[in-house]
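Chemist: Before I ask anything, let me first share the structure, which is written out below as structure tokens.
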Amino acid sequence: MARVLVTGGAGYVGSVCSSCLLERGHQVTVVDDLSTGHAAAVPPGAVFHHLDIGNRLELAKVLNGDRFDAVFHFAAKALIPESVSNPGIFFDQNVASGIALLEAVRAAGIGRFVFSSSAAVYGNPEKTPIEENQNLHPVNSYGETKVALERALYWYSAAYGWTVVAFRYFNACGATATIGENHRPETHIIPLLLQTGAGDRPFFEIYGSDYPTPDGSCLRDYVHVLDIAEAHMLALELPARASFSAYNIGTGISYSVRQICHVVEEEIGIKLNLRNGPRRPGDPAVLCANPGKLMREFGWRPRSSDLPTIVRTAWEWKKNNPRGYCSPREAESVVPSCR
Ligand SMILES: NC(=O)c1ccc[n+]([C@@H]2O[C@H](COP(=O)([O-])OP(=O)(O)OC[C@H]3O[C@@H](n4cnc5c(N)ncnc54)[C@H](O)[C@@H]3O)[C@@H](O)[C@H]2O)c1
């Protein structure tokens with residue numbers, strides 16, 4: 001049994017990982033400022049602290065209040081368009097507050113750290129499928145902040161003997177029976193398509209129809225959130241040694257935006273109102289992981305990441321939670337973002 005501090009455990013991926021940890025008998029303490037997360041997503045059984053990781057004083061109290069074996073660090077700002085228009089807040093939250101966390105972790109003597117990095121570190125990939133040793137050329141400040149924290153973690157592992165794993169997720173998606181994707185604003189394709197199917201949105205816009213891909217729309221690698229959680233469980237079992245390792249989490253198979261639209265229509269049985277829009281600046285034509293390193297070194301396999309399973313689980317969650325995590329009272333417009 002391990003005691004794990006989970007930052008961002010009220011968010012989408014962090015809450016699913018917290019739930020998996022608890023199911024396997026580990027102890028979970030969540031630190032989250034609820035800036036984009038939801039208290040209702042924190043699984044029962046986890047200790048919850050409503051706290052900004054940049055609050056050094058309060059964070060130190062949490063870390064000194066227990067003896068943790070590992071930190072899973074999900075907390076971050078992650079909206080790419082916002083990272084382009086407002087990089088300052090991304091460097092403040094993801095890097096400055098990230099370093100505050102690392103220092104608190106160091107002071108508490110914890111030596112195992114798992115970091116949620118992103119495929120955004122690669123920018124426009126030099127070749128696909130992408131391997132971890134490609135040069136990192138992020139094309140937005142979000143990706144740049146992920147590179148910065150990866151680099152800091154490399155030096156922490158070298159100096160303090162930490163066992164560090166940086167997971168570079170591709171497109172996280174899907175849901176469990178109790179936890180689903182509920183970002184506000186939502187920018188991810190599957191929840192947007194499901195919102196369109198449910199009538200919450202009048203149409204879904206496909207950004208770009210003239211990419212050099214078979215149907216002209218972008219290709220992406222989609223990985224079920226439970227498969228991401230499984231990689232985190234395996235990282236907890238790595239032998240302790242001073243090391244920094246980065247791993248892609250993706251399936252190695254990419255699907256076009258149009259293919260996703262088609263699978264969603266099939267799975268939910270509703271014809272969607274789709275519109276063609278212009279390309280979005282900075283969107284590469286193809287992003288596809290080579291997950292070989294994670295498979296070889298961890299024995300990881302994507303078990304839930306076939307598209308129908310991804311869409312079906314996300315749709316089930318959407319049907320059971322039509323307004324996401326909003327309580328009925330919030331849905332009556334007390335919380336503007338629930339409207
Ligand atoms: N969802 C994806 O497809 C994807 C892909 C690549 C990488 N990632 C990374 O995975 C992590 C989780 O992503 P997600 O989709 O679950 O996002 P999310 O927004 O649902 O979760 C992030 C959580 O962190 C919390 N948080 C943010 N800043 C904080 C701070 N300063 N102090 C305390 N809590 C804070 C938020 O309230 C939220 O609960 C992020 O680091 C993100 O960059 C996600």
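Chemist: Taking the convex hull of the Cα atoms, report for the range 222-262 its projected area averaged over all directions, in nm².
Modeler: Numbers: hull surface 15.1 nm².
Averaged projected area of the range 222-262's Cα convex hull equals 3.8 nm².
Chemist: So, by mean Cβ neighbours within 10 angstrom, what's the order for 249-256, 79-86 with the highest one leading?
Modeler: Numbers: 249-256: 22.0, 79-86: 15.5.
So the peptides 249-256, 79-86, ranked by packing, come out 249-256, 79-86.
Chemist: Follow-up question, since we're still on this one. Pulled fully out, how much extra length does the chain show between ASN133 and GLU58, if you take 0.36 nm times their separation in residues and subtract their Cα-Cα distance?
Modeler: Computed gain between ASN133 and GLU58 is 23.3 nm.
Chemist: Additional query: Would you work out which of LEU136, HIS49, LEU226 lies farthest towards the positive end of the dipole of the chain, given +1 charges on the beta-carbon of Lys and Arg and -1 on that of Asp and Glu, about the Cα centre?
Modeler: HIS49
Chemist: Which value, in debye to the nearest 20, gives the size of the charge dipole of the chain about its Cα centre, when Lys and Arg are +1 and Asp and Glu are -1 at the Cβ?
Modeler: Its charge dipole is roughly 200 debye.
Chemist: Right, something else. Report Rg(Cα)/(2.2 N^0.38 Å) for the range 160-223, keeping two decimals.
Modeler: 1.52
Chemist: If you line up the Cα atoms of the chain on their principal axes, what length do they span on each, largest first, in Å?
Modeler: Projected onto its principal axes, the Cα set of the chain covers 54, 49, 38 Å.
Chemist: Counting Lys and Arg as +1 and Asp and Glu as -1, each charge on the Cβ, what is the dipole of the range 89-160 about the Cα centre in debye, to the nearest 20?
Modeler: 160 debye
Chemist: A follow-up question, please. Which of ASN140, ASN320, ASN171 ends up with the largest GNM mean-square fluctuation for the chain, with Cα atoms connected below 10 Å?
Modeler: Fluctuation is largest for ASN320.
Chemist: I would also like to ask the following. For the range 190-282, build the charge dipole from Cβ charges (+1 Lys, Arg; -1 Asp, Glu) around the Cα centre, then report which of PRO278, ILE260, SER209 sits farthest towards its positive end.
Modeler: Highest projection toward the positive end goes to PRO278.
Chemist: Additional query: If you take the beta carbon distance between ASN321 and ARG24 as r and set R0 to 30 Å, what does 1/(1 + (r/R0)^6) give as a FRET efficiency, to the nearest 0.05?
Modeler: Given R0 = 30 Å and the Cβ-Cβ separation, E is 0.75.
Chemist: Which number do you get for Rg(Cα) / (2.2 N^0.38 Å) in the range 101-178?
Modeler: Details: Rg = 14.5 Å, N = 78, 2.2 N^0.38 = 11.5 Å.
Rg over 2.2 N^0.38 Å, computed on Cα atoms: 1.26.
Chemist: Would you mind checking the tilt of helix 307-320 against the longest principal axis of the Cα atoms of the chain, expressed as 0 to 90 degrees and rounded to 10?
Modeler: Between the helix axis and the principal axis of the chain, the angle is about 90 degrees.
Chemist: For a protection proxy built on the mean count of beta-carbon atoms within 10 angstrom, sort 186-192, 61-67 highest first, please. Intermediate results must be reported in sequence, preceding the final value.
Modeler: Numbers: 186-192: 18.7, 61-67: 14.3.
In descending order of packing, they fall as 186-192, 61-67.
Chemist: Top to bottom by accessible area (1.4 Å), largest first, where do HIS49, HIS38 land?
Modeler: The ranking, largest first, comes out as HIS49, HIS38.
Chemist: Return the aspartates and glutamates within reach of LYS318: Cα separation strictly under 19 angstrom, same-chain partners fewer than 8 residues apart disregarded; answer none if there are no such residues.
Modeler: Qualifying aspartates and glutamates at Cα under 19 Å: GLU181, GLU186, ASP200, GLU265, GLU266, GLU267, ASP306, GLU330, GLU332.
Chemist: Also, I was wondering about something else. At a Cα cut-off below 22 Å, give the lysines reachable from LYS319, other chains included and same-chain residues fewer than 8 away excluded.
Modeler: The reachable lysines, counting only those whose Cα sits under 22 Å from LYS319, are LYS271.
Chemist: A follow-up question, please. For helix 225-236, report the angle its Cα long axis makes with the longest principal axis of the Cα atoms of the chain; keep it between 0 and 90° and round to the nearest 10°.
Modeler: 20 degrees
Chemist: Which of PHE170, PHE74, PHE48 ends up with the largest GNM mean-square fluctuation for the chain, with Cα atoms connected below 10 Å?
Modeler: Evaluated over the chain, the most mobile residue of the options is PHE48.
Chemist: Right, something else. Taking the Cα centre of the range 1-146 as the origin, how large is its charge dipole in debye, to the nearest 20, when only Lys and Arg (+1) and Asp and Glu (-1) carry charge on their Cβ atoms?
Modeler: That gives the range 1-146 a dipole magnitude of about 320 debye.
Chemist: Can you classify the range 195-339 as rounded, prolate or oblate using the Cα gyration tensor, where a ≥ b ≥ c are the square roots of its eigenvalues, rounded means a/c under 1.5, and otherwise it's prolate if a/b beats b/c and oblate if not? Mind dumping the intermediate values first?
Modeler: Numbers: a/c = 2.10, a/b = 1.32, b/c = 1.60.
Verdict is oblate for the range 195-339.
Chemist: Something else: When only Cα pairs under 8 Å and 6 or more residues apart are kept, what is the percent relative contact order across the chain?
Modeler: Once divided by the residue count of the chain, the mean separation gives 18 percent.
Chemist: Which lysines, on any chain, are close to LYS293 with Cα under 23 Å apart, when same-chain ones fewer than 8 places away are left out?
Modeler: LYS127, LYS146
Chemist: Compute the acute angle (0 to 90°) between the alpha-carbon long axis of helix 257-268 and the principal axis of greatest extent of the alpha-carbon atoms of the chain; round to the nearest 10°.
Modeler: That helix lies at roughly 80 degrees to the long axis.
Chemist: Another question, then. Could you tell me which residue out of SER97, PHE115, LEU63 lies farthest along the dipole of the chain toward its positive end? Charges go on the beta carbon: Lys and Arg +1, Asp and Glu -1, centred on the Cα centre.
Modeler: Value: LEU63.
Chemist: Sticking with this structure for a sec: Using the Cα atoms as the points, what is the convex hull volume per residue of the range 118-267 in Å³?
Modeler: Taking only Cα atoms, the range 118-267 has a hull volume of 142 Å³ per residue.
Chemist: Shape of the range 1-133 from its Cα gyration tensor (a ≥ b ≥ c, root eigenvalues): rounded if a/c is under 1.5, otherwise prolate when a/b > b/c, or oblate? Mind showing how you got there, number by number?
Modeler: On the way: a/c = 1.63, a/b = 1.43, b/c = 1.13.
Since a/c reaches 1.5 and a/b is larger than b/c, the shape of the range 1-133 is classed as prolate.
The values are calculated or read from the model by the stated rules, or taken from the named source; none is laboratory data. All values derive from a computational prediction rather than experimental measurement. Ideal geometry is used to build each Cβ from the backbone, glycine not excepted, and the neighbour counts take in all protein chains shown. All accessible areas refer to the heavy atoms of the entire protein, side chains included, with ligands and DNA or RNA removed. Shrake-Rupley method; radii C 1.70, N 1.55, O 1.52, S 1.80 Å.
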